[in-house]
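Below is one structure, written out as structure tokens; comments come after it.
The values are calculated or read from the model by the stated rules, or taken from the named source; none is laboratory data. Everything numeric in this text was worked out from a predicted model, so none of it was measured. Ideal geometry is used to build each Cβ from the backbone, glycine not excepted, and the neighbour counts take in all protein chains shown. We work out accessible area using only protein heavy atoms, side chains counted, and drop any ligands, DNA or RNA first. Shrake-Rupley method; radii C 1.70, N 1.55, O 1.52, S 1.80 Å.
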Amino acid sequence: MDFSDVLRRRRMERSYTDEPVSDEAILRILEGLRRAPSAGFSQGHRVVVVTDPKLRQAAADIAEARYVELGFPRWIASAPVHLYVCTREDSYHERYNAAGDIREGYSEIPWPVPFWWFDCGALFMLLQLAALNEGLATGMVSSVYTDELKSLADVVGLPEDVSLAGIITVGHLDDSVKTPVPPGAATRRPNEDLVEWRR
């Protein structure tokens, strides 16, 4: 698939067929993990692959409650693959506290941008684009509520030092179902509104 086609297909889908995703396709998608950037090559990324229907349903039960209250249909468990995109912050501290990496006067470098989250977003996009390249559809599940994120992490038994950023749902698109538009959603703004040039 041409990269421009992959970009054109990049969107969050919420409808999947019951066709399974092959392990081979999942492994090709996960190759994106090894190519993902990380500050100082800290490699704090972590991914948990979930295909077990009971675990997918448990995640859906947690994440869909508020969504369903707004009148939207359930969809999360229908995706045959969930990719838990996580980060281990300590990997960054360990990397930058290594001998020779500390700037004079600091016990550790300052973190005006917490790069473990920045890198997690980059990983998320790489995995999503890799899935699209496989001809698959993707969605995203997360929460702005700490207790819900913790509950989602508990579904797969994440260690205490690993934090969940979100879940990528992966499957074959059911294009007979139109993805509902959330209330207040806007159309895509033109680049002129989003980009400034300094020449």
Modelled with pLDDT under 90 and outside any strand (DSSP E or B): does that describe Leu27?
no
Please enumerate the residues belonging to the range 57-91 that are at pLDDT below 95, in a loop (DSSP other than H, G, I, E, B) and of a type in the set (A, V, I, L, M).
Leu70
Restricting the search to the range 19-41, which residues are farther than 14 Å from Cys86 by Cβ and in contact with a helix residue (DSSP H, G or I) (Cβ under 6 Å, 6 or more places away or on another chain)?
Ile29, Gly32, Pro37, Ala39, Gly40
Starting from the range 133-162, take each residue that is within 25 Å of Ser22 (Cα to Cα) and list its partners that are assigned to a helix (DSSP H, G or I) and of a type in the set (D, E, K, R), counting only C-beta distances under 7 angstrom and pairs at least six apart or across chains.
Glu134/Arg28
Where a residue in the range 17-42 is touching a residue at least 40 places away in the same chain (Cβ under 8 Å) and its partner, wherever it lies, is of a type in the set (Ser, Thr, Tyr), with Cβ under 7 Å and at least six apart
Ala39/Tyr92; Gly40/Tyr96; Ser42/Ser91; Ser42/Tyr92
Applying the selection to the range 30-56, what residues are closer than 30 Å to Ala98 by Cα, open to solvent by less than 60 Å² (accessible area, probe 1.4 Å) and part of a helix (DSSP H, G or I)?
Leu30, Gly32, Leu33, Ala39, Gly40
Conditions: (1) within 28 Å of Asp2 (Cα to Cα); (2) modelled with pLDDT under 95. Leu127 meets all but one. Number of the miss?
(2)
Among the residues of the range 93-105, are any surrounded by 14 or more Cβ atoms within 10 Å (Cβ to Cβ), more than 25 Å from Pro37 (Cα to Cα) and basic (Lys, Arg)?
no
Quick one: which of Ser15, Ser42 is closer than 19 Å to Gly171 by Cα and either modelled with pLDDT of 85 or more or charged (D, E, K, R) (or both)?
Ser15
Checking the conditions here, which among Val177, Val170 is part of a loop (DSSP other than H, G, I, E, B), surrounded by 10 or more Cβ atoms within 10 Å (Cβ to Cβ) and among the β-branched types (Val, Ile, Thr)?
Val177
Flagged in the range 124-164 as part of a strand (DSSP E or B) and open to solvent by 30 Å² or more (accessible area, probe 1.4 Å), in numbering order, are Met140, Ser163
Here the residues within the range 68-92 that are of a type outside the set (S, T, N, Q) and crowded, with 21+ Cβ neighbours inside 10 Å are Trp75, Ile76, Ala79, Pro80, Val81, His82, Leu83, Tyr84, Val85, Cys86, Tyr92
